[in-house]
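This report concerns only the one structure given below.
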Amino acid sequence: MKKEIIEKAHVEYKEVFSDTYLNINYEIVKRPPYQDLTYLFNNDEYLWSHYIYINIDQQIPNKELADSFWLKPEMNNGYSKSWVVYNYFVYPIDQLIFHGGCTHYSKISNIDALYRVVKIGCDYQHLWDKDRYYNLDYIINQCKYTIDSLWQLTPINKHCLYCGNFSPESDFDESGYCICCKEKRIKNGDWNEDKKEK
């Protein structure tokens with residue numbers, strides 16, 4: 001698991017843990033409590049959240065289901081500014097298991113990107129979380145439940161670390177190569193069954 005510490009101008013400090021589970025990249029964020037939330041959370045209680053990243057065009061084989069993850073933006077007009085919001089209480093996101101439900105949805109890929117990527121997540125600062133203490137192991141398990149629930153909706157294509165393509169899990173052999181890579185290596189003469197790379 002990768003760990004990153006982010007500190008911006010002494011205003012925001014957070015630890016970010018990232019890893020992959022069942023072909024889905026996830027991220028766990030740990031922040032110190034906000035001063036204005038001390039009435040709700042204990043001063044020594046960290047604020048946790050977890051997110052999953054889905055490359056919907058390459059990881060979800062069913063195009064109709066993939067399209068349903070790309071939510072339509074809505075404008076929220078505030079007193080001094082307007083911003084884009086998404087109704088993530090709809091299918092298929094409402095089928096994913098999150099701690100207290102989904103509380104974050106954003107589109108990661110920019111307008112020039114070839115593939116659409118979404119970031120979906122939740123936090124652990126609900127009223128019923130008061131006086132509960134969480135640790136990294138607990139949050140990792142909760143994040144894995146989220147990914148398991150995604151797998152109940154659809155199989156997820158695996159990213160080949162050799163060629164970069166996404167393919168169904170069944171297209172990979174025990175060496176970790178997808179069928180496309182294996183065929184190319186056999187054609188180029190650099191594939192030996194007795195000396196497969198692990």
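The values are calculated or read from the model by the stated rules, or taken from the named source; none is laboratory data. Predicted model only: the values in this text are computed from it and were never measured. FYI the Cβ positions are ideal-geometry reconstructions off the backbone, even for glycines, and counts take in every protein chain you see.
Summary table
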{"read-out": "Candidate set from the stretch 72-101 (those that are modelled with pLDDT under 90 and among the aromatic types (Phe, Trp, Tyr)); member that is nearest to residue 152 (Cα to Cα)", "value": "83"}
{"read-out": "Residues being under 21 Å from residue 50 (Cβ atoms) and either hydrophobic (A, V, I, L, M, F, W, C) or touching a Pro at 6+ places or on another chain (Cβ under 7 Å) (or both) - total across the stretch 88-119", "value": "10"}
{"read-out": "Filter result for residue 66 (assigned by TED's automatic domain parsing to the domain that holds residue 27 and assigned to a loop (DSSP other than H, G, I, E, B))", "value": "no"}
{"read-out": "The stretch 140-170, residues that are in contact (Cβ under 8 Å) with a residue 12 or more places away in the chain and over 20 Å from residue 118 (Cβ atoms)", "value": "140, 160, 161, 162, 163, 165, 167, 168, 169"}
{"read-out": "Candidate set from the stretch 111-168 (those that are assigned to a helix (DSSP H, G or I) and charged (D, E, K, R)); member that is nearest to residue 21 (Cα to Cα)", "value": "144"}
{"read-out": "Residue within the stretch 8-20 that is modelled with pLDDT under 90 and surrounded by 12 or more Cβ atoms within 10 Å (Cβ to Cβ) present", "value": "yes"}
{"read-out": "Members of the stretch 117-173 that are aromatic (Phe, Trp, Tyr) and within 30 Å of residue 183 (Cα to Cα)", "value": "151, 162, 166, 172"}
{"read-out": "Pick from the stretch 75-120, criterion of a type in the set (D, E, K, R) and surrounded by 10 or more Cβ atoms within 10 Å (Cβ to Cβ), ranking: nearest to residue 145 (Cα to Cα)", "value": "94"}
